[in-house]
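A short worksheet on the structure shown next.
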Amino acid sequence: MDLIRQFTSDIEEVFGIRPQYKRRKKSSKRRKLLYYVHLPAVVGRIILMIAPEILLKNPPKILTPEFYPEFIGVIFDDEGYVCKSEPKIFISNTNKNLLTSLGSMLKLLAIDSTIGERENKLHIRGRKNLQLFVEKIPFISVEKRRALLNHFVTHYKYNAKLSTPLIEKEIMKSLGNREKTTKKLTSELKLAPSTIQRYIKRLLNWDYIVKVVYGNNKDIPRIIKYRSRVHVHDSFYSMLGGKIIGWNVVTKKVKFIRKVTYNGYVYDILNVNNFSNFVLSNNVVVHNSTRHEIIKNLYDRSYIHGDPIVPTEMGLAVAEALRKHADTISTPQMTAELEKDMDAIAEGKVARESVVDRSRNILARIMLDLGRKKAAVAGEIREGIREDKIIGKCPRCGMDLKIIRAKKSKKRFIGCAGYPECSMAYPLPQYGEIITLDDVCEVCHSPKVKVIGRPPTSRGGKSPKPWILCIDPNCPTKKGSD
């Protein structure tokens, strides 16, 4: 879907027309969902007038070398594969002339490839070729990038604890913007001199670092130092050891903090001064550690939904109610104080019982206060639950459309709040969680909802991915997709 969205966005940027994409009807033999883009005929004619080679399936003929990386990336996104069992990628296409052209383009980029004699596949093997491919080819598939980078972490270990690329990354990080001798690197990284020399040789051959020689052993003793030609954050190595969350965005675990001079842009993603959640201009995301059990509880209680995470109206209502009526437990100060107390217990400065008793007394006072405000808190949370059930506005009378469960059949549906004066209603799936969305169908302009969860009749297996549903059963987008 990322590729389809990118394609439609590119067409809109060039031609000012946003194409529609639809899901192709799924056959019994095909498990994978397929989509197709409806491109207006006028756009197709303009493209063919500009580049008739497309009709002849020979687009490489009209490309100049500066567009080779983008063209290869597009083909790899569409028809490329990353092998799971070994570090290898390939592009599959029945047009062997296209594969030959791709091989020639890769050769100009210093990337070696081969084409199988009895198969229509272009293979790229070998660590250097794969590494250059990651560095030079801008493909946007996050799944393929994750799989390919994972090979650099799990393979090439040669009986070592860390893979060769990860050790080279540590050398690059150690060098930074400074010049260092082999002896200095050996001391810092705790590796044997021969091991350091082996990695240094590869980094030299691949132009990541340079050798600087001082002295001539005649008048002045000769000293050999090494420095980075390119900073580790601007190289292939920056993508290793983190989680890929976008084709050019990687999360990193913060191991230590040091004050440095930084003149680039910082993009705040929370706008809260007390927390480190921001994105640097080199696409490094800095954020607090995620406590998975807490996140799971928030999902289970319907306080949040989706991926990326979005708070529900009920979740926002609970947070706001706590902020108004129990601000002591809704601010980070209490957690910070508890952390300090835990450290004090570990260091033997304070008794565990005194910390527990004090925490219990604080919570007891808060619960007593909440008990007095029970009606106000319940009303605010109830309002949040009500907001979660509102889908949109009724096209007939303009009142709220909301999720309703029938008293007799217990089946749920979307009905108008103006009933019985307005009988507008829409069916809903009878399984899964229904999430309201602030979005409407591009075709019929009816509200959309998200459905999360498998049917109750399914057994085992992996839960299906959440899917977006236009609530209007007569929407043109549903014709032929049932």
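No value in this document is a laboratory result; all are computed from the given coordinates. As the structure is a computational prediction, the values presented were derived from the model and not from experiment. All Cβ positions, glycine included, derive from the backbone under ideal geometry; neighbour counts span all protein chains shown.
Quick look at the numbers
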read-out: Rg to Rh, two decimals, where the range 54-173 supplies the alpha carbon set and Rh follows Kirkwood; value: 1.00
read-out: Residue exposure sequence - Asp207, Asp400, Asp369 - by fewest surrounding Cβ within 10 Å; value: Asp207, Asp369, Asp400
read-out: Set of lysines with alpha-carbon distance to Lys259 below 20 Å, sequence-local pairs under 8 removed; value: Lys173
read-out: Neighbour-count ranking [beta-carbon atoms within 10 angstrom, fewest first] of Val232, Val260, Val142; value: Val260, Val142, Val232
read-out: For the range 137-151, 3J(HN,Hα) per residue [Karplus equation, 6.51 cos²θ - 1.76 cosθ + 1.60, θ = phi - 60°, Hz, x = Gly/Pro]; value: 9, x, 8, 10, 5, 5, 4, 5, 5, 4, 5, 5, 5, 4, 4
read-out: Stretch gain in nm, segment Tyr158-Glu79, where the contour uses 0.36 nm per residue and the Cα spacing is subtracted; value: 25.3 nm
read-out: Computed over the range 305-432, the ratio Rg/Rh where both radii use C-alpha atoms and Rh is Kirkwood; value: 1.20
read-out: Estimated FRET transfer efficiency (Leu368, Tyr419; beta-carbon r; R0 56 Å; 0.05); value: 0.85
read-out: Net charge, Arg125 excluded, C-beta distance under 13 Å - Lys, Arg +1, Asp, Glu -1; value: +2
read-out: FRET efficiency, 1/(1 + (r/R0)^6) with R0 41 Å, evaluated for Thr328 and Leu189 via beta carbons; value: 0.30
read-out: Size of charge dipole - the range 392-478 - debye, nearest 20, with Cβ of Lys, Arg +1 and Asp, Glu -1, no other charges; value: 620 debye
read-out: Trp467 long-range amide H proximity, modeled H, under 5 Å; value: Val451
read-out: Neighbour-count ranking [beta-carbon atoms within 10 angstrom, fewest first] of Cys475, Cys470; value: Cys475, Cys470
read-out: Estimated FRET transfer efficiency when R0 is 41 angstrom, pair Lys349-Ala376 (beta carbons, to 0.05); value: 0.50
read-out: Kirkwood hydrodynamic radius of the range 156-237, Cα pairs, Å; value: 13.2 Å
read-out: Whole-angstrom gap from the range 166-226 to the range 308-354, using each part's C-alpha centre; value: 48 Å
read-out: Other-chain or far-sequence residues with amide H under 5 Å of Met424's (modelled H); value: Cys416
read-out: Karplus-derived 3J(HN,Hα), 6.51/-1.76/1.60, for each residue of the range 91-103, Hz, glycine and proline x; value: 10, 10, 7, 6, 8, 5, 5, 5, 4, 5, 5, 4, x
read-out: Where a label projected 7 Å from the Cα of Arg229 along Cα→Cβ would reach, residues of the range 115-141 with amide N under 16 Å; value: 128-129, 131-133, 135-136
